[in-house]
Every structure is written in structure tokens, then in C-alpha cells.
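Take a look at the structure below.
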Amino acid sequence: MIFVIDTSSAMTALAVIDESGVVEREEVFPTIRNLSMADHLRSLAGAAMPAKIAVATGPGSFTGLRVGVSFGLGLAMGLRIPIVPLPTLDLQAARSDEPATAVSEAGRGRVYYQLPGGEPALGEASEIPKTYRLVGWVAPKTEAALEQSSHVLRPERELRTFGQAAAIVLEKAREVPYGSLKLEYMQSFASKSI
């Protein structure tokens with residue numbers, strides 16, 4: 001079993017995927033500060049023991065990323081099993097069966113975004129190219145700003161589940177040594193001059 005953890009955005013997502021890529025169970029819920037990650041994973045996995053841990057590595061909020069990655073890394077190290085980094089925007093992009101701009105909450109009215117084949121960027125809703133529809137998790141206020149800027153978010157019913165997207169991203173993802181897991185925080189992006 002592979003445990004997948006994403007706490008990098010407006011939603012927290014957990015999934016249990018078997019080695020062949022079949023999603024056994026998953027759960028997506030609004031991100032909360034007092035989350036008991038162990039309880040949620042225990043309820044999803046039952047008695048199954050993970051063979052690997054996968055964690056979303058951002059871009060995302062400092063606190064959000066630290067919660068999921070710290071838990072996942074501690075679990076992987078404690079069980080002596082591999083850890084696999086999964087970029088947050090790649091996970092969101094994989095939820096769509098057509099090219100889409102992946103978005104994730106960045107706070108303060110901004111979003112992280114990534115065009116198909118592009119690199120992650122940080123910007124205001126009005127700065128995101130309108131080439132593709134959007135896919136991702138953002139706060140309601142950010143969603144309203146995106147819609148006001150004439151962006152279209154693909155409805156959840158049209159998308160793959162988080163677990164299905166994670167299974168796709170895991171196909172190309174590679175394990176990394178515990179000490180080399182790199183996270184992308186908002187600070188890693190250059191600030192815009194005024």
C-alpha cells in the first residue's frame with residue numbers, strides 16, 4: 001500500500017493506493033489546523049501497513065506543507081519505507097483529462113498556478129492566462145476572484161478524484177532519500193516589484 005498525503009492547499013487530501021495503482025480509499029476535506037493525521041490515515045487504511053509514503057511538496061503554505069510532509073516523513077522514517085515527493089500542481093493537473101491550468105491556494109488573494117508543460121508561478125487572479133480552464137482547490141474568496149477575472153474552474157464532477165490523480169503522478173514519481181525532500185513555499189517565488 002502507498003499512503004498519499006496532501007495538506008498543501010485549501011483542502012486536505014489523503015489516499016490509500018495499492019501497488020498496482022488502484023485507489024483503495026480516499027478522503028478530501030477542508031484544511032483545518034487541529035487535524036489528527038494519524039487518526040485519519042488509520043481510519044482509511046485499517047490494518048494495512050504502507051510500503052511507501054507519498055507527500056505533496058508544494059507550492060503551498062508553510063504550515064500546511066509542514067503538517068503533511070512532517071507526518072509523512074516521520075512515518076516513512078519510523079517504518080523504514082520509501083518516501084516519494086509529488087508536486088501539488090502536478091496532482092491537480094492530473095485530475096483533468098484535458099489540458100488545464102492547475103491552481104492552488106496561495107493566500108492573500110493569490111494563487112499558485114501552472115500551465116500545461118509550464119513551471120509553477122505565483123500571481124493574482126487577473127494575472128493568470130485564460131488559455132485553459134482551471135483545476136484545483138482554492139478558498140471560496142479566491143474562487144470568487146478567479147470567476148470575477150473571467151476564469152472557469154472545472155466542476156469537481158468532471159474531474160478525477162484526488163486518489164486517481166495521485167496514482168497517475170506516482171507512475172513517474174521517484175523515491176528520494178529522507179534528507180533530500182524539498183518543499184516549495186511561497187517564499188521560493190520572486191516578489192513582484194511595484
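The values are calculated or read from the model by the stated rules, or taken from the named source; none is laboratory data. Fair warning: this is a prediction, and the values are worked out from it, not measured in the lab. Please note: Cβ atoms are built from the backbone with ideal geometry, for glycine as well, and neighbour counts cover all protein chains shown.
Quick look at the numbers
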read-out: Only one of Arg95, Arg42, Arg66 that is charged (D, E, K, R) and closer than 22 Å to Pro140 by Cα; value: Arg95
read-out: Within the range 167-177, considering residues that are out of contact with any helix residue (DSSP H, G or I) (no Cβ under 6 Å at 6 or more places or on another chain) and not in a loop (DSSP other than H, G, I, E, B), the one surrounded by the fewest Cβ atoms within 10 Å (Cβ to Cβ); value: Val176
read-out: Count of the range 135-156 residues which are more than 19 Å from Pro99 (Cβ to Cβ) and either among the aromatic types (Phe, Trp, Tyr) or exposed (fewer than 15 other Cβ atoms within 10 Å of the Cβ) (or both); value: 6
read-out: Members of the range 47-56 found to be closer than 19 Å to Phe162 by Cβ and out of contact with any Ser or Thr (no Cβ under 7 Å at 6 or more places or on another chain), listed by number; value: Ala48, Pro50, Lys52, Ile53, Ala54, Val55
read-out: Close pairs (6 angstrom Cβ cut-off, 6 or more residues apart or separate chains): in contact (Cβ under 8 Å) with a residue 40 or more places away in the chain in the range 164-176, assigned to a helix (DSSP H, G or I) anywhere; value: Ala165/Leu91; Val169/Asp90; Val169/Leu91
read-out: Considering residues of the range 63-113 that are part of a helix (DSSP H, G or I) and charged (D, E, K, R) only, the residue surrounded by the fewest Cβ atoms within 10 Å (Cβ to Cβ); value: Arg66
read-out: Complete set of residues in the range 26-47 that are touching a residue at least 24 places away in the same chain (Cβ under 8 Å) and either within 16 Å of Ala173 (Cα to Cα) or loosely packed, with under 15 Cβ neighbours inside 10 Å (or both); value: Arg33, Ala38
read-out: Residues (surrounded by fewer than 20 Cβ atoms within 10 Å (Cβ to Cβ) and modelled with pLDDT of 90 or more) located in the range 51-62; value: Ala51, Lys52
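Yes/no per residue for (1) closer than 24 Å to Val23 by Cα; (2) aliphatic (A, V, I, L, M); (3) not assigned by TED's automatic domain parsing to the domain that holds Leu44:
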| site | (1), (2), (3) |
| --- | --- |
| Arg80 | yes, no, no |
| Leu122 | no, yes, yes |
| Pro140 | no, no, yes |
| Leu146 | no, yes, yes |
| Ala166 | yes, yes, no |
| Glu175 | yes, no, no |
| Lys182 | no, no, no |
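For (1) in contact (Cβ under 8 Å) with a residue 60 or more places away in the chain; (2) among the polar types (S, T, N, Q); (3) farther than 21 Å from Ala56 by Cβ, each residue gets a yes or a no:
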residue: Asp97; (1), (2), (3): yes, no, no
residue: Ala102; (1), (2), (3): no, no, no
residue: Val111; (1), (2), (3): no, no, no
residue: Ala125; (1), (2), (3): no, no, yes
residue: Arg133; (1), (2), (3): no, no, yes
residue: His151; (1), (2), (3): no, no, yes
residue: Pro155; (1), (2), (3): no, no, yes
